[in-house]
Number of protein chains: 2
Amino acid sequence: MAQQHLDPTDPTAGAVTGDALAGYLRAQATEFLRALRLHRETGAGAAAGGSEESVDAARALRRSARRISASLHTFRPLLDTDWSEAIRPELAWVSGTLAMEHAYAARLERLLQALHRLSGATALPAQAGVVDIADATGTAGRIPAPQKEAPPAGPATHPAATPDRGNLTVGAAKSGALLDRQLTLARTRAHSTALQALGSSRFHAVADNIAVLASEVPLTPAAATADLRPLAAAAEERLTDAVAGLPLVTAGHPYNAAALIHGLSPDPAPHPQDAPWHQVRLLLRLHRYAREVLHGDSDPVDVRLLAAGQSLNRHRDASEAAAAAAQAARTPRIAPATAYALGVLHADQRHEVEAARFAFQQSWQRQTVGTP
Amino acid sequence: MAQQHLDPTDPTAGAVTGDALAGYLRAQATEFLRALRLHRETGAGAAAGGSEESVDAARALRRSARRISASLHTFRPLLDTDWSEAIRPELAWVSGTLAMEHAYAARLERLLQALHRLSGATALPAQAGVVDIADATGTAGRIPAPQKEAPPAGPATHPAATPDRGNLTVGAAKSGALLDRQLTLARTRAHSTALQALGSSRFHAVADNIAVLASEVPLTPAAATADLRPLAAAAEERLTDAVAGLPLVTAGHPYNAAALIHGLSPDPAPHPQDAPWHQVRLLLRLHRYAREVLHGDSDPVDVRLLAAGQSLNRHRDASEAAAAAAQAARTPRIAPATAYALGVLHADQRHEVEAARFAFQQSWQRQTVGTP
């Protein structure tokens, strides 16, 4: 990584070559193996959630798997084609499988926080307590109260003006319990799937491959002296092109109400209008990782790029949370009050989607205006 | 109205006196009587909705009643106290009673438009047609399809990507039918109430009073030479003070999510957080009418004041539409899909409330920065 301190935007500076790529890949492979060892030591076999250490280890595993996979993609011409085309889908499988458990947990937390906020800042656990007593509709069986302590409420301008005893607040509590049941089940299954994956021969083959990568990167003969910068620039260009295809004029106009179109569409899957934004999120990540390869540890944190990425993460999370609320509303035999609360929740999360697009537009505009 | 062309902001100009107030009140009273005659001639006794002319006449009646009442309030010290305190509540009763029918019609139209937009730009009547066939829940009787042709959809980025056959879209159609039934009933009742009011001896007493006002305004002895401007300035100050009490910093921050707090509150009545905004809406109107008295027909239209007023009207309309959706969701024995759609609709309208506050903040800021 001798060349990592070069500034790739400086045309007079020397090229960053395949050696830097090899160094980056070796470092990420080493990190992958370290995280894997840590994950095994910290008792990943425990119940869903696991220890804090095993959660951290799983995150580190995903983190390095994503970076290796992204680098193989961006700098494809410099690497042995057969090898890199064989390992990339396997790495995607590893990071995808490991991500699910965390995603369900985060989605539940996001939705319970939103329910809490929408209920006007009265503690959710207290509301959950009234479920069985106040259940006058009699359509559902005994619903377990949410087991998570709800996090503190969002901005509350009118703290708890009315006591939360009405029908619709029962709906909020019951929808929270329903989401808790469904997403906790999904999370438990994702945990089992991840454990099975980590114990599979398929995963062991991936780990073996990464172990080889940690010492020997299969560069093409020409790669050692090839300039990485055109390939990194191409990754940035793919990002820029995809952003140019986004409806940023609409997104930059607050309260455009675009995200809730299809809010009553019969399909509870994520909205088709979200797809280009998800795509930009992935391309932004590829661009960021390509910068890491070029700049190494000396990469100055681009706070605007970071903000844009965070907006797109928020966009993805809100989009999936909205879909989960819509999906829960299709549960047979739920009470109307529960369905109503899920409708409010769905719309709330679709507005979060819209807010995230606005935030992205703002940070992206600053970026292109003030680009160094 | 000889002094109506004076600029009241010019301290060297002569005062606008009680004569201008008398002229304004006479003109508004004449307008009231003209509208009343027109209303009687155009068959106000017809079914709810009435002819276009009778709707216009009712609007003109309300318009002059509001202006007379507002002027009596703002310029109270210049008018015979007993007389003005007796007639003001009567004028409020007239304009309030006449406003209800229009309010219910507008509310229904707003909600059906929103449902249409949320359903992704497929025509609402077509959806309504599938209600009876696709009703698999069997909880409701035969629901009449909405009788209004849904107006054109709002901005649609993805026109009808999926056929609207799913459960939730049935919910959208059924919630539209439910709102149509409830608000049409309310409107019909409001129409009858208005007709009864217009035929009552109480109303005839008001009309007699207005007829006297058209020729003889009961000014106090000192009023003819009194300066109107301090009283108009006091009205403006009450407005400015009330605006200063609004959470404009929050409102100016897009997607602050403040309007949906209490979105799942058990009380379907308009949110308590809306009250200060409604109050500003009334004070803005008083200020506008006081300007009319001072400037007469030469009053230059203040587009910023107009924009601020329109934002507050939109705020009021969305607030009441959201409450109507929440109220409809409390109808016994509705299907979960209907309740879900009403929840989405409620949240959508609460975001309209938030959007209206943002728009008000924007126009008000421009106003105070660029004030003449």
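Residues of region A:65-93 being crowded, with 22+ Cβ neighbours inside 10 Å, of a type outside the set (D, E, K, R) and under 15 Å from the mean Cα position of the chain (by Cα), which ones? The answer is A:Ala65, and nothing else.
Filtered by the rule that a residue be free of Cβ contacts under 8 Å to residues at least 12 places away in the same chain and either of a type in the set (A, V, I, L, M, F, W, C) or part of a helix (DSSP H, G or I) (or both), region A:195-213 gives A:Gln196, A:Ser201, A:His204, A:Asp208, A:Val212. Among the residues that make up region B:236-246, is at least one of them under 24 Å from A:Tyr255 (Cα atoms), crowded, with 17+ Cβ neighbours inside 10 Å and touching a Lys or Arg at 6+ places or on another chain (Cβ under 9 Å)? Taking every residue of region B:236-246 in turn, at least one turns out to be under 24 Å from A:Tyr255 (Cα atoms), crowded, with 17+ Cβ neighbours inside 10 Å and touching a Lys or Arg at 6+ places or on another chain (Cβ under 9 Å).
Being more than 10 Å from chain B (Cβ to nearest Cβ) and free of Cβ contacts under 8 Å to residues at least 40 places away in the same chain is a property that holds for A:Gln279. Any chance region B:250-257 includes a residue that's at positive phi, hydrophobic (A, V, I, L, M, F, W, C) and within 14 Å of chain A (Cβ to nearest Cβ)? Yes, some residue in region B:250-257 is at positive phi, hydrophobic (A, V, I, L, M, F, W, C) and within 14 Å of chain A (Cβ to nearest Cβ). Pairs meeting the criteria (first residue in region B:250-269 and of a type in the set (D, E, K, R), second residue at pLDDT 90 or above and surrounded by fewer than 24 Cβ atoms within 10 Å (Cβ to Cβ), beta carbons under 6 Å, at least 6 apart or on different chains) are lacking. The C-beta contact set for region A:230-242 (first residue touching a residue at least 24 places away in the same chain (Cβ under 8 Å) and over 15 Å from A:Gln361 (Cα atoms), second residue β-branched (Val, Ile, Thr) and crowded, with 17+ Cβ neighbours inside 10 Å, distance under 6 angstrom, 6+ apart or interchain) comprises A:Leu231/A:Thr74; A:Ala235/A:Thr74. Here is the figure for region B:312-355: residues that are part of a helix (DSSP H, G or I), out of contact with any Ser or Thr (no Cβ under 6 Å at 6 or more places or on another chain) and among the hydroxyl-bearing types (Ser, Thr, Tyr) total 2. Residue pairs whose Cβ atoms lie under 7 Å apart, separated by 6 or more positions or on different chains, with the first residue in region A:326-350 and facing another protein chain (nearest Cβ under 7 Å) and the second among the acidic types (Asp, Glu) and part of a helix (DSSP H, G or I), are A:Ala347/B:Asp348.
Among the candidates B:Arg330, B:Arg366, B:Arg314, the residue that is surrounded by fewer than 23 Cβ atoms within 10 Å (Cβ to Cβ) and touching a Pro at 6+ places or on another chain (Cβ under 9 Å) is uniquely B:Arg330.
Could you please find all residues in region A:282-314 being closer than 26 Å to A:Leu185 by Cβ and within 14 Å of chain B (Cβ to nearest Cβ)?
Passing the criteria: only A:Arg314.
Scanning region B:214-233 for residues that are of a type in the set (A, V, I, L, M) and part of a loop (DSSP other than H, G, I, E, B) yields B:Ala214, B:Val217, B:Ala222, B:Ala226, B:Leu228. The residue that is surrounded by the most Cβ atoms within 10 Å (Cβ to Cβ), counting only those in region B:283-311 that are charged (D, E, K, R) and under 30 Å from B:Pro272 (Cβ atoms), is B:Arg288.
The numbered conditions (1) surrounded by 23 or more Cβ atoms within 10 Å (Cβ to Cβ); (2) closer than 25 Å to A:Gly343 by Cα are all true for A:Ala105 except (1).
For B:Ala60, the stated conditions do not hold, so it cannot be described as in contact (Cβ under 8 Å) with a residue 60 or more places away in the chain and surrounded by fewer than 20 Cβ atoms within 10 Å (Cβ to Cβ).
The values are calculated or read from the model by the stated rules, or taken from the named source; none is laboratory data. Remember, it's a predicted structure, so these values are computed and weren't measured experimentally. Glycine also receives a Cβ, built like all others from the backbone with ideal geometry; neighbour counts cover every protein chain displayed.
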